[in-house]
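K.L.:
Got a structure for you, questions after.
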Amino acid sequence: MNPTDLLEQAWAARRQAYAPYSNFGVGAALLTRDGRVFTGCNVENATYGLTVCAERTAVCKAVSEGCRDFAAIAVVSETGATPCGACRQVLTEFGVDQVIVAGSTGEPRIYTLAELFPYAFDSRQLT
Ligand code: THU
């Protein structure tokens with residue numbers, strides 16, 4: 001699947017964003033190595049702190065369906081925001097080759113997780 005198609009699915013997922021507090025909708029589309037796509041949106045909470053980001057929604061959907069091998073994730077928002085630190089950590093757990101980020105204007109940017117999150121804490125540091 002090409003980045004444009006994955007971004008399209010992320011934009012569709014963003015329409016489901018539950019963001020009454022920030023009014024900042026985010027959509028994600030996570031592509032597995034075997035070609036499946038799991039989408040996610042941010043789900044806010046009145047406590048604020050219990051908010052779940054779009055990326056982590058998508059990862060939890062995929063893992064709970066038995067998928068753990070990821071090729072790419074597309075993340076979209078009005079401003080083209082890059083994934084937050086918590087989402088970078090969660091993506092690091094499983095790995096993903098490309099993080100494709102787009103806003104409502106401008107060209108999509110493609111990053112590696114190593115670029116976005118160098119020196120990550122991972123399971124190797126537990127032994
Ligand atoms: N948000 C995401 O969904 N993903 C990120 O990587 C950064 C932030 C959401 C959380 C919250 O609902 C809104 O954006 C504003 O922070």
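K.L.:
Contact order normalised by length for the chain, with contacts defined as Cα pairs under 8 Å and 6 or more residues apart; what percent is it? Can you show the working numbers first?
P.N.:
Numbers: 267 pairs, mean separation 26.2, N = 127.
Contact order relative to length: 21 percent.
K.L.:
Taking each pair of distinct Cα atoms in the chain once, what is the resulting Kirkwood hydrodynamic radius in Å? Mind showing how you got there, number by number?
P.N.:
Working: mean 1/r = 0.0692 Å⁻¹.
Evaluated on the chain, it is 14.5 Å.
K.L.:
Run the accessible area of segment 3-126 with a 1.4 Å probe and give the carbon-and-sulfur part as a rounded percent. Provide the component values of the computation, followed by the final result.
P.N.:
On the way: 3500 of 6780 Å².
Percent of accessible area from carbon and sulfur atoms in segment 3-126: 52.
K.L.:
With every protein chain kept in place and ligands, DNA and RNA left out, what is the accessible area per residue of the chain? Probe 1.4 Å, answer in Å².
P.N.:
On a per-residue basis, the chain sits at 56 Å².
K.L.:
To the nearest 20 debye, what charge dipole does the chain have about its Cα centre, counting +1 at the Cβ of each Lys and Arg and -1 at the Cβ of each Asp and Glu?
P.N.:
It works out to roughly 180 debye.
K.L.:
While we're here: Which percent of Cα pairs goes in each bin when the distances of segment 30-90 are cut into 5 angstrom slices starting at zero?
P.N.:
Bin by bin from 0 Å, the calculated values are 4, 18, 28, 26, 15, 7, 2, 0.
K.L.:
Over segment 82-127, what is the mean sequence separation of C-alpha contacts under 8 Å (at least six apart), divided by residue count, expressed as relative contact order in percent?
P.N.:
38
K.L.:
Take each of the peptides 51-61, 29-39, 97-107, 82-92, average the number of other beta-carbon atoms within 10 Å over its residues, and list them starting from the highest.
P.N.:
51-61, 29-39, 82-92, 97-107
The values are calculated or read from the model by the stated rules, or taken from the named source; none is laboratory data. As the structure is a computational prediction, the values presented were derived from the model and not from experiment. All Cβ positions, glycine included, derive from the backbone under ideal geometry; neighbour counts span all protein chains shown. In case anyone asks, the SASA skips ligands and DNA or RNA and just uses the protein heavy atoms, side chains included. Shrake-Rupley method; radii C 1.70, N 1.55, O 1.52, S 1.80 Å.
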